[in-house]
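As structure tokens, the structure follows; a few thoughts come after it.
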Amino acid sequence: MGLKQINQLSSIANKPSRIILGLMSGTSLDGLDLALCKVSGSGTKTRCKLLKFTTAPYDNEFKEKVRKVFAQDNVDFEYLTLLNPWSGLYHAKIINQTLTHWQLKPQDIDLIASHGQTVYHCPQHQHSHTGFGNGTLQLGDGDHVAVRTQIITISDFRQKHIAKGGEGAPLAQYGDYLLYQKSNLHRILLNLGGIANFTVLPAGGKVDDVQCTDIGPGNTLMDAYCQRYFNVPYDEAGTLAARGKVSNDLLDSLKSVPFFHYATPKTTGPEVFSLAMLEDKLMCLGSVLSHYDVLATLNELTAWCVLEQINRLGLSGPTELLLSGGGAHNTLLITKLKSRLSEEFDISKLSCDGVGVDSKEAALFAVLANECVAGDGLFSFGKISLPG
Ligand SMILES: Nc1ncnc2c1ncn2[C@@H]1O[C@H](COP(=O)(O)OP(=O)(O)O)[C@@H](O)[C@H]1O
Ligand SMILES: [Mg+2]
């Protein structure tokens, strides 16, 4: 980085507020979330206002290309190497089209926060390679995004987390703490993406009091099953699951997955919660279940892992449970959570400064990019790519 660019970054860092385009694409592989945010201040003084939001659905070509390596044990290394810059260019194309649609120019945007497409997540407890620690891999090279969009791009957020001893996920805790901490009540931010995770913000807690962990499958098993047996991308509002009956045998068998028995914080992915794992369990049980019954059981599994972890927290006093992620649209699942949690829990969909259920994760990466450039270094994640 030359002096000119350092000065440019410094002037962005010194602005009272920055326009940051946060990008997120999780393990659901449904699309690229684009959250245009006005982020002011930094650290606990951060404010993040959502200006515009869209999800650009991934086309079949992208999904097919990514699925060849996504959570796969064996991949063509040349192909993987090529997919990284290609994904960066693909994301850049979506960004450019979206900005044109919003009638914005690259100069209107201070920073892009690009999460990249996760293709493999392997914390130490999940892999069997002796002598290796935690690892996670996101594709969509930041330099390609920066050069193609002509906007400074922060990417590769998860590596610093691993370098500092974490599992690379969930990163939501930092943005959640900066934006949503309350002095007078507990808050749990539950994100139901492909994998479900939550951040617990005890009333008046400091950063060291924050707990954040993956808790198990959000939608990933339900999605995989719907795609295979119902030919739909997901179970809209949980209506297919609602037609089935929960199988306690299958549920018990799924609850025996080792991940559920590890201590928190912990992370996981579709590498563990896969259709292959589910089909193994079904075969071992030998009983014949209808596809609706299987889906009903998978929906129940997600409800169970959320309730199990929340009850283990032992929080007392008023607690807000703020929902986000696509699973927040699964009416059957949310109805179960509402009916089974005690009255101390006030459950609602997240809605704050324009940031809502679908935009939250992308907005949180905008906040992390803000910290990377304008923060005091405490939450400094991400690598900086310049357009020039
Ligand atoms: N209307 C809906 N009803 C039920 N589930 C939904 C609905 N809309 C989205 N979802 C679920 O949310 C998923 C996408 O959630 P998202 O938060 O984008 O996850 P990720 O971060 O893994 O991409 C979809 O794959 C689907 O399972
Ligand atoms: Mg998504």
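Only the coordinates and a few stated rules stand behind these numbers; no lab work does. A quick note: this is a predicted structure, and the numbers were derived from the prediction, not measured. A quick note on method: Cβ atoms are made from the backbone with ideal geometry, for glycine too, and the neighbour counts reach across all protein chains shown.
Worth pointing out:
- Estimated D of the chain in µm² per second, where Rh is the Kirkwood radius over Cα pairs and Stokes-Einstein applies at 37 °C, 0.692 mPa s: 153
- Cα-derived Rg over Rh, computed across region 137-203 with Rh taken as Kirkwood radius: 1.08
- Centroid-to-centroid separation of region 69-101 and region 190-207 [C-alpha atoms, Å]: 29
- Region 80-188: trypsin sites (Lys or Arg not before Pro) in DSSP coil with no more than 15 other Cβ atoms inside 10 Å: K164, K182
- Region 35-100 - Rg over Rh from alpha carbon coordinates, Kirkwood radius: 1.14
- For peptides 200-207, 347-354, sequence by mean Cβ density within 10 Å, most packed first: 200-207, 347-354
- Comparing region 15-131 with the 2.2 N^0.38 Å rule of thumb, its C-alpha radius of gyration ratio is 1.26 (two decimals).
- Relative protection proxy for 357-368, 2-13, from highest mean packing down: 357-368, 2-13 (other beta-carbon atoms within 10 angstrom).
- The chain: angle of helix 3-13 to the longest principal axis, Cα-based, in degrees nearest 10: 60
- Loop chymotrypsin sites (Phe, Trp or Tyr not before Pro), region 140-233 (other Cβ atoms within 10 Å of the site Cβ: 15 or fewer; DSSP): F230
- Here the average projected area of the convex hull drawn through the C-alpha atoms of region 180-352 stands at 9.8 nm².
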